[in-house]
Amino acid sequence: MSQKLVVSVSPHIRIKGNIPRMMWDVVIALVPATIASVYFFGFKAIYIILVTTFSALITEAIIQKLCKKPVTIFDGSAVVTGILLAFNLPPGIPLWMAGAGGAIAISIGKQAFGGLGHNIFNPALVARTILLISFPVAMTAWSPPRFISFDALTYATPLTALKENSILTPLKDLFLGNVGGCIGETSALALIIGALYLLLRKHITWHIPFTFIATAGILCWLFGGAELFRGPFLFHVLAGGLLLGALFMATDPVTSPTSRSGRMIFGIGCGAITALIRLKGGPPEGVSFSILLMNAFAPLIDRFIRPRKKARVKRGK
Amino acid sequence: MKIRSFRGGVHPPEEKITSSLPIQEMPLPKKVVILLSQHTGAPAKPVVKVGDRVKIGQKIGEAQGPISSTIHASLSGKVVDISDHSHPLGPPSLAVTIESDGRDEYHPKIKHNNDYFRLHPNEIREIVREAGIVGLGGAAFPTHVKLSPPEDKWIDTVILNGCECEPYLTCDHRLMIEKIYEIVQGLKIIAKTLEVTSCYIGIERNKRDAIKAMREEIRNEANMEVIPLKTKYPQGSEKQLIKAILNREVPSGGLPLDVGVIVQNVGTALAISEAVRKGRPLIERVVTVTGKGIKHPANLRVRIGTLFQDLIDYCGGFRGRPGKIIMGGPLMGFNQYTTLVPVIKGTTGILVLLKEEVVEISERSCIRCSRCVDVCPVDILPNLIAQYARKDRFDWAEEYGILDCMECGVCAYVCPAKIPLVQLIKYAKVQLTRATGGTGDTGVTGG
């Protein structure tokens with residue numbers, strides 16, 4: 001034999017998919033919501049998305065260069081973080097703030113923990129929270145969507161309208177996304193289309209989204225009305241960031257538990273905290289806080305939820 | 001009807017390109033290299049000397065100890081060498097090289113036994129032991145040991161394993177079509193030896209012709225049933241097969257006989273039938289020579305000890321540039337660094353992958369997507385165990401069930417980060433065995 005043979009440990013075949021493919025699939029899944037954001041909020045939305053994405057990419061490249069690590073900005077993970085952060089920003093945000101957000105997401109949210117796969121908290125939500133605390137006014141500068149159909153309190157989000165003025169936004173507007181809010185969170189339709197794609201490609205499972213949405217919805221239905229069982233169930237499911245959070249943020253594999261039952265506990269926790277903040281808390285919306293809080297619990301959940309252990313045979317000793 | 005299966009597993013491209021090709025008899029090789037360690041357990045001890053003339057079926061290696069197997073000459077001719085030879089499963093080990101005299105003479109002791117159904121179970125066990133039969137599905141565990149369960153274990157079921165869940169391999173599939181009578185006879189002999197009444201034959205649903213033929217063959221047998229199983233890897237693994245067919249779970253660290261089951265491969269059943277009815281020891285087997293790197297893929301009946309190179313030459317040699325040569329299937333097979341290794345009793349196939357098919361893989365960090373957890377058929381956490389292996393925390397790895405792992409490879413197959421999970425697990429297992437002196441017991445302190 002003159003040729004050289006490759007020798008390695010089994011298995012000798014692998015699936016074609018890899019991490020960059022997964023990440024770019026997530027980017028594809030975010031396209032419908034991106035289109036919706038431009039449709040409802042104009043080109044300002046696309047500027048915000050571009051700024052956060054580029055800022056995330058550049059920050060990642062700089063940090064990896066400084067740490068003498070291989071630069072992996074083309075694996076798509078920073079792009080996903082950038083887009084998701086943009087989706088969590090209000091349309092009225094100054095662009096420099098959005099750029100700062102992208103840098104915060106990658107530097108504090110991701111690279112400080114060691115890069116892809118090592119972060120405890122969802123990087124985009126870390127950045128959003130830091131921005132929210134640092135610039136509370138700019139971060140709640142809601143501008144109305146272009147086709148606003150009802151005239152009540154046009155500058156608020158549906159959840160603010162409910163909390164402060166007890167106004168229920170029509171469900172049709174909520175479903176399509178014709179309401180005020182963060183640029184990527186308003187259109188339930190677009191988000192669901194994207195999530196279906198991810199489900200189909202098996203990048204996410206139903207466990208977290210289902211338990212998250214169901215828990216939040218049911219709790220709001222139970223306690224969200226004037227009396228028990230009178231809360232607006234569908235309104236709470238469609239309003240605010242619940243769908244964006246449950247479908248795209250909480251399903252981030254890095255920051256959620258590994259086992260299926262663990263993921264369900266995680267989803268239930270997220271849903272419960274969201275409902276608690278929405279109904280009893282100060283701010284109108286609690287999705288991002290709930291995910292961040294549960295992110296912190298993910299390692300603990302993993303520690304206690306183990307695959308079912310089989311009966312053990314006593315070994316001779 | 002619900003298709004029976006188990007939890008986890010994957011369905012890689014089947015690539016069974018040789019499934020419709022009848023088994024061909026390969027011409028006698030000029031020489032064979034018969035390794036004395038072809039089975040699980042102690043190597044056999046040579047009982048011939050250089051220069052001896054041997055006939056087919058003559059014993060050349062004596063089993064050593066309770067878990068070992070007898071080795072026979074597969075050619076008639078002269079013993080020309082007894083020395084270390086490269087082994088397809090590991091470091092070189094002792095082998096007997098026989099040069100053919102071209103006469104193909106059988107040892108006079110080999111004769112038919114028409115009265116075989118009057119044999120006592122212990123006589124059958126003795127015949128199986130003397131015939132050097134081992135599990136032919138790949139693991140090569142001595143069959144007579146499996147046929148002699150401890151007194152305190154109650155065995156009520158025999159499962160015949162015709163799953164052949166590894167991609168590419170088709171030797172069992174062909175046997176189930178061409179040697180169906182002998183296989184069923186073998187199953188009857190096994191059932192009689194173990195005094196069990198219920199027999200199942202598990203076949204994956206991608207082998208419809210085999211399922212049909214087998215159903216036809218056993219239509220008058222009251223206690224036998226063919227169970228079509230979902231086409232899913234590793235369906236042919238003993239414990240997964242038992243779970244799928246009987247819904248019984250073999251306990252961690254246990255054996256199928258702990259739940260009253262003995263599983264035998266269809267090829268093994270054939271070998272048992274040949275040994276008991278015709279007196280033939282295990283001197284040949286069917287090997288699937290396949291893959292895109294082989295000019296004319298085929299199912300070949302070859303003598304044990306034939307060199308891989310001879311099989312590849314018979315199949316027209318390589319097509320294109322070979323990248324990997326694997327003994328067995330692509331998921332659990334053993335990579336070879338040379339073609340000058342001999343066929344052993346556990347050689348199910350020789351798979352040649354093209355250079356283009358062998359992609360160098362760059363590993364990335366784990367993103368905890370938990371696909372490995374979802375597909376793991378033994379319910380452990382491959383990602384976590386691999387991390388512990390990397391940190392040399394073998395005690396933690398053991399606590400999380402590393403010893404349940406059968407190295408089926410589905411975790412590494414699906415991993416999008418391309419982490420060498422099986423390699424890390426194998427490494428940790430070796431370290432664990434070293435630290436505990438082979439008992440695999442707890443109390444390891446790492447390193």
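Going by average Cβ density within 10 Å per residue, which order do the peptides A:242-252, B:321-331 take, highest to lowest? Provide the component values of the computation, followed by the final result.
Values: A:242-252: 27.7, B:321-331: 24.1.
In decreasing order of mean packing, A:242-252, B:321-331 become A:242-252, B:321-331.
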Total formal charge among the other residues, if their Cβ is under 10 angstrom from that of B:Lys278, Lys/Arg +1 and Asp/Glu -1: +1
Inter-site label distance for A:Ala214 and B:His112 at 7 Å from Cα along Cβ, in nm: 6.6
Area of A:Trp221 that stays accessible when all protein chains are in place (1.4 Å probe, Å², to 10): 100
Averaged over A:18-25, number of beta-carbon atoms from partner chains that fall within 10 Å: 3
Alpha-carbon centroids, segment B:367-423 and segment B:299-328: separation in whole Å: 32
Spin-label pair A:Ala296/B:Glu356, simplified geometry with 7 Å Cα→Cβ offset, distance in nm: 5.5
B:Lys295 - accessible surface, heavy atoms, 1.4 Å probe, Å² rounded to 10: 100
C-alpha center-to-center spacing [segment B:7-69, segment B:258-285] in angstrom: 13
Options B:Val80, B:Ser273, B:Gln24, ranked by Cα towards positive dipole end of chain B, top entry (Cβ charges): B:Gln24
Candidates A:Ile130, A:Ile108, A:Ile15, ranked by Gaussian network fluctuation over chain A, Cα under 10 Å, top entry: A:Ile15
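For the A and B pair, go ahead and give the buried accessible area with a 1.4 Å probe, both sides summed, in Å² to 100.
Details: alone 16680 and 20010 Å², together 31950 Å².
What A and B bury together is about 4700 Å².
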Cα centroid of segment A:37-91 to Cα centroid of segment B:137-157, whole Å: 60
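Ordering B:Cys405, B:Cys171 by accessible area with a probe of 1.4 Å, largest first, what comes out?
Ranked from most to least accessible, the order is B:Cys405, B:Cys171.
Could you please report the charge total around B:Gly137, scoring K, R as +1 and D, E as -1 over all other residues with beta-carbon less than 10 angstrom from its beta-carbon?
Neighbour charge sum, excluding B:Gly137 itself: -4.
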Long-range lysine pairs (8 or more apart or interchain), segment A:1-116, Cα under 29 Å: 9
Which of A:Val80, A:Ile130, A:Ala61, positive extreme of dipole for segment A:21-148 (C-beta unit charges): A:Ala61
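Write down, largest first, the equivalent ellipsoid semi-axes of segment B:371-436 in whole Å, where each equals the square root of 5 times an eigenvalue of the alpha-carbon gyration tensor. Walk me through the numbers on the way to the answer.
Numbers: eigenvalues 68, 26, 19 Å².
With the √(5λ) rule applied to segment B:371-436, the semi-axes are 18, 11, 10 Å.
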Along each principal axis, Cα extent of segment B:1-130, largest first, Å: 60, 41, 34
Segment B:181-275, accessible surface, carbon-and-sulfur percent (1.4 angstrom probe): 44
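Taking every residue in B:415-423, how many Cβ atoms of other protein chains lie within 10 Å of its Cβ, on average?
Working: counts 5, 12, 5, 5, 0, 3, 2, 4, 3.
For peptide B:415-423, the averaged partner shielding equals 4.
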Cα-centred dipole magnitude for the protein assembly as shown, charges only on beta-carbon of K, R (+1) and D, E (-1), debye, nearest 20: 380
Buried on assembly, segment A:232-273 (at least 30 Å² less accessible surface than by itself, 1.4 Å probe): A:Pro253, A:Val254, A:Thr258, A:Arg260, A:Arg263
Spread of Cα-to-Cα distances over 10 Å intervals beginning at zero, given as percent, for segment A:83-211: 12, 33, 36, 17, 2
Only Lys, Arg (+1) and Asp, Glu (-1) charged, at Cβ; segment B:116-278 dipole about Cα centre in debye: 360
Label-zone membership for segment B:13-56, site B:Lys278, 7 angstrom Cα→C-beta point, backbone N under 16 Å: B:23-28, B:56
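At 10 °C and 1.306 mPa s, grab the translational diffusion coefficient of segment B:116-278 from Stokes-Einstein with a Kirkwood Rh over Cα pairs, rounded to a whole number in µm² per second.
For these conditions, the coefficient is 102 µm²/s.
Which percent of the accessible area of segment A:180-307 is formed by carbon and sulfur heavy atoms (probe 1.4 angstrom)?
On the way: 3680 of 4990 Å².
The computed percentage sits at 74.
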Cut-off under 5 Å, modelled amide H: who pairs with B:Ile159 long-range: B:Tyr200, B:Ile262, B:Val263, B:Gln264
Farthest toward positive dipole pole in segment B:258-327 [+1 Lys/Arg, -1 Asp/Glu at C-beta], among B:Val263, B:Gly305, B:Ile294: B:Ile294
Inter-label distance for A:Val31 and B:Glu151, nm, one decimal - labels placed 7 Å from Cα along Cα-to-Cβ: 7.3
Residue of B:Arg53, B:Arg219, B:Arg280 that the Gaussian network model of chain B assigns the largest fluctuation, springs spanning Cα pairs under 10 Å: B:Arg219
Per-residue SASA entry for B:His296, accessible area with 1.4 Å probe, Å² rounded to 10: 110
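Consider all pairwise Cα distances in the protein assembly as shown and report the whole-number % of them above 37 Å.
Numbers: 147581 of 291466 pairs.
Cα-Cα pairs of the protein assembly as shown separated by over 37 Å account for 51 percent.
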Cα-only Debye scattering, segment B:301-347: base-10 log of I(q)/I(0) at q = 0.15, 0.32, 0.33 Å⁻¹: -0.38, -1.36, -1.36
Cβ-derived FRET efficiency at R0 35 Å, A:Ala61 paired with B:Thr338, nearest 0.05: 0.20
Members of segment A:113-145 that become less accessible by 30 Å² or more once partner protein chains are added (1.4 angstrom probe, chain alone as reference): A:Leu116, A:Gly117
Scattering profile of chain A at q = 0.09, 0.12, 0.15 Å⁻¹ [log10 I(q)/I(0), Debye over alpha-carbon scatterers]: -0.47, -0.79, -1.20
Point-charge dipole on Cβ atoms (K/R +1, D/E -1) for chain B, about Cα centre, debye to 20: 700
Column: log10 I(q)/I(0), Debye, Cα scatterers of segment B:86-184, q = 0.11 Å⁻¹: -0.55
Heavy-atom accessible surface of segment B:371-436: percent carbon and sulfur, 1.4 Å: 53
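Length gain on complete extension for the stretch A:Arg21 to A:Val71, per 0.36 nm per residue less the alpha carbon to alpha carbon distance? Mind dumping the intermediate values first?
On the way: separation 50, 0.36 × 50 = 18.00 nm, distance 1.70 nm.
Contour length minus Cα-Cα distance gives 16.3 nm.
Over the Cα atoms of chain B, what is the Rg over Rh ratio if Rh follows Kirkwood?
Values: Rg = 21.5 Å, Rh = 22.6 Å.
Here Rg/Rh amounts to 0.95.
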Taking chain A and dividing mean pair separation by its residue count, relative contact order in percent (alpha carbons under 8 Å, at least six apart): 16
Mean accessible surface per residue for the protein assembly as shown, computed with a 1.4 Å probe while every protein chain stays in place, in Å²: 42
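Per-residue mean of other chain beta-carbon atoms within 10 angstrom of the beta-carbon, peptide B:345-353?
Numbers: counts 0, 0, 0, 0, 0, 0, 2, 1, 4.
Mean shielding count: 1.
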Segment B:63-83 residues near the modelled B:Val47 label - backbone nitrogen below 13 Å, point 7 Å along Cα→Cβ: B:63-65, B:69-73
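The values are calculated or read from the model by the stated rules, or taken from the named source; none is laboratory data. Nothing here was measured: the structure is a model prediction, and the numbers come from that model. Neighbour counts are summed over all protein chains in view; Cβ atoms, including those assigned to glycine, are modelled from backbone coordinates with ideal geometry. Heads up: the accessible areas ignore ligands, DNA and RNA and are worked out on the full protein's heavy atoms, side chains in. Shrake-Rupley method; radii C 1.70, N 1.55, O 1.52, S 1.80 Å.
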